[in-house]
1. Just one of G65, G54, G42 is out of contact with any strand residue (DSSP E or B) (no Cβ under 7 Å at 6 or more places or on another chain), under 17 Å from S99 (Cβ atoms), open to solvent by 60 Å² or more (accessible area, probe 1.4 Å) and not polar (S, T, N, Q); which is it?
2. Could you list all residues from segment 1-49 that are touching an Asp or Glu at 6+ places or on another chain (Cβ under 9 Å) and acidic (D, E)?
3. Name the single residue, out of those in segment 56-115 being of a type in the set (G, A, S) and touching a residue at least 60 places away in the same chain (Cβ under 8 Å), that is farthest from G8 (Cα to Cα).
4. Spot the failing condition for T100; the list is (1) exposed (fewer than 12 other Cβ atoms within 10 Å of the Cβ); (2) of a type in the set (S, T, Y); (3) in contact with a helix residue (DSSP H, G or I) (Cβ under 8 Å, 6 or more places away or on another chain), and only one is missed.
5. Within segment 71-93, can you find the residues that are open to solvent by less than 50 Å² (accessible area, probe 1.4 Å) and either touching a His at 6+ places or on another chain (Cβ under 9 Å) or in a helix (DSSP H, G or I) (or both)?
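The values are calculated or read from the model by the stated rules, or taken from the named source; none is laboratory data. Model, not experiment: these values are computed from the prediction. Counting neighbours? That spans all protein chains shown, and the Cβs are built from the backbone with ideal geometry, glycine included. Accessible surface areas use protein heavy atoms only, side chains included; no ligands, DNA or RNA. Shrake-Rupley method; radii C 1.70, N 1.55, O 1.52, S 1.80 Å.
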Amino acid sequence: QVQLVESGGGLVQPGESLRLSCAASGSIFTIYLMGWYRQAPGKQRELVAQITSGGNTAYADSVKGRFTISRDNAKNTVYLQMNSLKPEDTAVYYCNIRSTTGIYWGQGTQVTVSS
């Protein structure tokens, strides 16, 4: 069984920062891709950022220059540093990992950006 435990969401004002964390445990074996997705009310889930086991990263155009994804392979943990947050970043953020045993999702953490 695989568990993804997310943390770090909350309510912030525009321009502020948050850091999300997602720790994976269980029968994961080799993780080759870790990422963050988000889903705003009434919208489809979209990819925010992803990072390979080698450290290669990719970002949605809407977050480039503001968000940074990183990972700690020894801890099977992925992070999302979110700076200069905007109201349009408001969504439920989901951690996603792809490993040799399958694709797994976190339970989601709410990020709300509002003045």
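1. Result: G54 is the single residue among G65, G54, G42 that is out of contact with any strand residue (DSSP E or B) (no Cβ under 7 Å at 6 or more places or on another chain), under 17 Å from S99 (Cβ atoms), open to solvent by 60 Å² or more (accessible area, probe 1.4 Å) and not polar (S, T, N, Q).
2. none
3. So, considering only residues that are of a type in the set (G, A, S) and touching a residue at least 60 places away in the same chain (Cβ under 8 Å), the one farthest from G8 (Cα to Cα) is G102.
4. (3)
5. If the condition is that a residue be open to solvent by less than 50 Å² (accessible area, probe 1.4 Å) and either touching a His at 6+ places or on another chain (Cβ under 9 Å) or in a helix (DSSP H, G or I) (or both), then D89 is the only one that fits.
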